[in-house]
Amino acid sequence: MAAKSTSKTPRRTNQSLSHLLRLPAGRVDLSRLDTAATHGYPGKGKDDAAALTAALAPQISDLQERLFANGRAAPDTAKRVLVLLQGMDTSGKGGVIRHAMGMVDPQGIQLTSFKAPTVEERQHHYLWRIEKALPSPGMIGIFDRSQYEDVLVVRVEQLVPVSEWSKRYDEINALEKQITDEGTTVIKCFLNVSFEEQKARLAARLASPDKYWKYNPKDIDARAKWPAYQQAYADALERCNTDYAPWFVIPADRKWYRNWAVAQLLREHLVGMDLGWPEATFDVAAEKARVAKA
């Protein structure tokens, strides 16, 4: 069972949120991670969260446009971003996509939601569908679930032998090393929700007809295997937490903090990419003169 909230006030430091939320190397014990913490949050609580999150939008939008422009001007050398959202049911992947990732121009986003593999996908290696969905030059890719389903669901539900899923950690690390070497910045976010909060959110989906569409009876089946899923997540976080593609653990019991935190992580990573505008491929002065005479 995940830890209950023990943090009463935000941990405010001069460190970046990327530093505060980055999972340290070594053994992972999810029961020791506070699911309601507000590390690095600059506000006083929920009341100012919407304004603080919205305040990130202008810079994120500007940086995303630079990324997109470079992808169109110089696709062979342009950078990419991949935001990977992973977490138990109700942890808020959809909410993050709407509130945090919704700040950027939709034409610069490639969103993929990974469900159970299709008949076609089952005919290929499990990473085939992942590689097909990787962001193209200048784009921000968003994975709602990801390659990690193949060391989570398949493990807990015993869909493949241990000998099969146990070798996948190294294969996933190899793929992430390859794409980062090729210019993709990977932001892996584990949305860490507590056992108690998950129950409250599931109950809320049954409390009103306009939320019924969110409810899936299979979520209760998965909830019954909570300890097994927690261990599977711990092992995936531990074994695939690399310098080139580290995990960031996002406390997800407070929706307002979760959304701000992912938006802030995206902003920090975009800033770190040192994105400029592409140079003109034409004589600017001559074109100004032509426009003036047109």
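At a glance:
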item: Residue check, Arg155 touching a helix residue (DSSP H, G or I) at 6+ places or on another chain (Cβ under 7 Å) and in contact (Cβ under 8 Å) with a residue 40 or more places away in the chain; result: yes
item: Residue count for region 79-110, restricted to those that are at pLDDT 95 or above, closer than 22 Å to Trp277 by Cα and buried (at least 20 other Cβ atoms within 10 Å of the Cβ); result: 4
item: Region 118-142, subset farther than 30 Å from Ala55 by Cβ and open to solvent by less than 50 Å² (accessible area, probe 1.4 Å), residue farthest from the chain's Cα centre (by Cα); result: Glu121
item: Candidate set from region 34-52 (those that are open to solvent by 50 Å² or more (accessible area, probe 1.4 Å) and part of a loop (DSSP other than H, G, I, E, B)); member that is farthest from Glu197 (Cα to Cα); result: Pro42
item: Candidate set from region 255-294 (those that are in a helix (DSSP H, G or I) and acidic (Asp, Glu)); member that is surrounded by the fewest Cβ atoms within 10 Å (Cβ to Cβ); result: Glu287
item: Those residues of region 113-138 which are part of a helix (DSSP H, G or I) and in contact (Cβ under 8 Å) with a residue 12 or more places away in the chain, in sequence order; result: Arg129, Ile130, Glu131
item: One residue from Glu287, Glu268 being closer than 16 Å to Gln59 by Cα and among the acidic types (Asp, Glu); result: Glu268
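The values are calculated or read from the model by the stated rules, or taken from the named source; none is laboratory data. All figures in this text were calculated on a predicted structure; none of them were measured in a lab. Because the Cβ atoms are built from the backbone with ideal geometry, glycine has one as well, and the counts that use them run over all protein chains shown. With ligands, DNA and RNA removed, areas are computed over all heavy atoms of the protein, side chains included. Shrake-Rupley method; radii C 1.70, N 1.55, O 1.52, S 1.80 Å.
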